[in-house]
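*Asks:* Before anything else, here's the structure in question.
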Amino acid sequence: MDINVLEGGAIALCLGLVATLVTFLQKLIGSRIKELYEITVKLIDRHNKSDERSAKRHEITVGKLGDLEQEVSDLKGKISFLQGRINGGRFPGGGVNANGRR
């Protein structure tokens, strides 16, 4: 046998092995990329759901804060009324009340 034929066969065999290796690596890397893509999408969805829950919680808190402000305002009015009753209808300092009495 001629040495050139053997060299050609060896080169062809090496090229075949390299081509097989490249194909195998492409499939392996492609599947890994697909897995990472799916994981990334799941993480983004989870983050978005967390943002939605946080926004809802904020809206509820703001609503409750408005209710508390109204309640405090009502209590201030009631306290002022009771202080007026305790003072016998007189304003502090001996002023005149709304009816013109001292």
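Quick note: the coordinates plus some simple rules give every number you see, no bench work behind them. Quantities reported herein were computed from a predicted structural model and do not represent experimental measurements. With ideal geometry, Cβ positions are generated from the backbone for all residues, glycine too; neighbour counts draw on all protein chains shown.
*Asks:* Determine the equivalent ellipsoid of the range 47-91 by diagonalising the alpha-carbon gyration tensor, then write out the semi-axes as square roots of 5 times the eigenvalues, largest first, rounded to whole Å. Let's see the in-between values first.
*Replies:* Values: eigenvalues 361, 4, 4 Å².
Working through the eigenvalues yields semi-axes of 42, 5, 4 Å.
*Asks:* Can you tell me the orientation of helix 3-86 relative to the chain, as the angle in degrees between its alpha-carbon axis and the longest Cα principal axis, to the nearest 10?
*Replies:* Here the helix axis deviates by roughly 0 degrees.
*Asks:* Further question: With each pseudo-label sitting 7 Å past Cα toward Cβ, what's the residue 80-residue 52 distance in nm, one decimal?
*Replies:* Going from the residue 80 label point to the residue 52 one covers 4.5 nm.
*Asks:* Dipole of the chain, Cα-centred, from +1 at each Lys and Arg C-beta and -1 at each Asp and Glu C-beta, to the nearest 20 debye?
*Replies:* Around 1400 debye, computed over the chain.
*Asks:* Grab the DSSP H runs of the chain that are 4 residues or longer, score each as -39,500 (n - 2.57), total them, divide by all residues and round the 222 nm result to the nearest 500 deg cm²/dmol. Spell out each step's value before the answer.
*Replies:* On the way: 1 runs with 84 residues, N = 102.
Here the helix-only value at 222 nm equals -31500 deg cm²/dmol.
*Asks:* What's log10 of I(q)/I(0) for the chain at q = 0.10, 0.18, 0.20, 0.23 Å⁻¹, Debye sum over Cα points only, no solvent?
*Replies:* Debye output, listed in q order: -0.70, -0.97, -1.03, -1.12.
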